[in-house]
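Visitor: This structure is in structure tokens; I'll ask about it shortly.
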């Protein structure tokens, strides 16, 4: 897993400071500046992992039972660590921690929070759906690019306020030669698509659920009229190669 390079002195200082700050939070003495420092030491801006970030996860998850900020930081660490590892094995030694995090996020998302998207993306990362975790939003204004499997032209897929269509994107004229997307019915969904759809329904996110039916549906190429499944082509281009199962603890 990639982390930001720092000299040994910084790493040692951070390793000593993180437990102290977490102790402050556990004692009820955590402040906004405490959390600002923890974010800087563990996962800057929710995007850049620091040394020791994954090691802090068990304590963060324990704190997340009562500290919303701990849940946010733990989720950010998991999303980045899973994406950078690309095998999902980075937390193979602590499945109970990941399972508790999953349960805490599920409980949080049922409250219809303003930060719904990050929690949903974290669940996708935990399920090794790295390609969707990186891009999936609420379909208010979402665009994807896929290659037509027949003629290989780049096709723009729009799902949101601008419409639900496939098109050829011209940087001067915009999206041209639009073709309406063909959504999958709920009954047609299976696998990851069905799981994502069921989650959206569970959380009362109708727009997300509807958008998933378009994402898992079919599009027509504006050049050659080939009809293809949007999710299949996007996953083929963006999902990491298949990896073997994670080794159990004690195995090499």
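Bear in mind that the values in this text are calculations on the coordinates, not laboratory data. Given the structure is predicted, the values throughout are model-derived calculations rather than measurements. Note: ideal-geometry Cβ built from the backbone for every residue, glycine included; neighbour counts use all protein chains shown.
Visitor: For mean projected area of the Cα convex hull in nm², one of (1) 14.7; (2) 16.4; (3) 32.1 was computed from the structure I shared and the rest are decoys. Which label?
Guide: Here mean projected area of the Cα convex hull in nm² agrees with entry (2).
Visitor: Note down the relative contact order for the chain as a percent, whole number, built from C-alpha pairs under 8 angstrom at least six residues apart. Kindly include the intermediate steps, with their values, before the conclusion.
Guide: Working: 346 pairs, mean separation 35.6, N = 252.
Relative contact order comes out at 14 percent.
Visitor: Taking only Cα atoms, what is the 0 to 90° angle, nearest 10, from helix 95-109's long axis to the longest principal axis of the chain?
Guide: That works out to roughly 60 degrees.
Visitor: If you don't mind, another one. Simple spin-label model, 7 Å along Cα-to-Cβ: residue 110 to residue 202 in nm?
Guide: 0.9 nm
Visitor: Still on this structure, I have one more. Please determine, in degrees from 0 to 90 and to the nearest 10, the orientation of helix 68-85 with respect to the longest principal axis defined by the Cα atoms of the chain, where the helix direction is its Cα long axis.
Guide: Orientation of helix 68-85: about 60 degrees from the principal axis.
Visitor: Tell me, what are the semi-axes, in whole angstrom and largest first, of the equivalent ellipsoid of the stretch 9-132 as set by the roots of 5 times the Cα gyration tensor eigenvalues?
Guide: Rounded to whole Å, the semi-axes are 22, 18, 13.
Visitor: Take residue 162 and residue 96, extend 7 Å from each Cα along the Cα→Cβ direction, and tell me the distance between the two endpoints in nm.
Guide: Between residue 162 and residue 96, the label points sit 4.9 nm apart.
Visitor: Which whole-number percent is the relative contact order of the stretch 9-132 (Cα, under 8 Å, 6+ apart)? Walk me through the numbers on the way to the answer.
Guide: Numbers: 112 pairs, mean separation 25.1, N = 124.
Answer for the stretch 9-132 is 20 percent.
Visitor: Using the alpha-carbon centroid of each, what span in Å lies between the stretch 122-138 and the stretch 59-98?
Guide: Rounded to whole Å, the Cα centres lie 14 Å apart.
Visitor: Between residue 185 and residue 23, with labels modelled 7 Å along Cα→Cβ, what's the label distance in nm to one decimal, could you check?
Guide: 6.2 nm
Visitor: Taking the number of other C-beta atoms within 10 Å as the exposure measure, put 224, 43 in order starting with the fewest. List each step's numbers first, then the result.
Guide: Values: 224 12, 43 25.
Fewest to most other Cβ atoms nearby, the residues stand as 224, 43.
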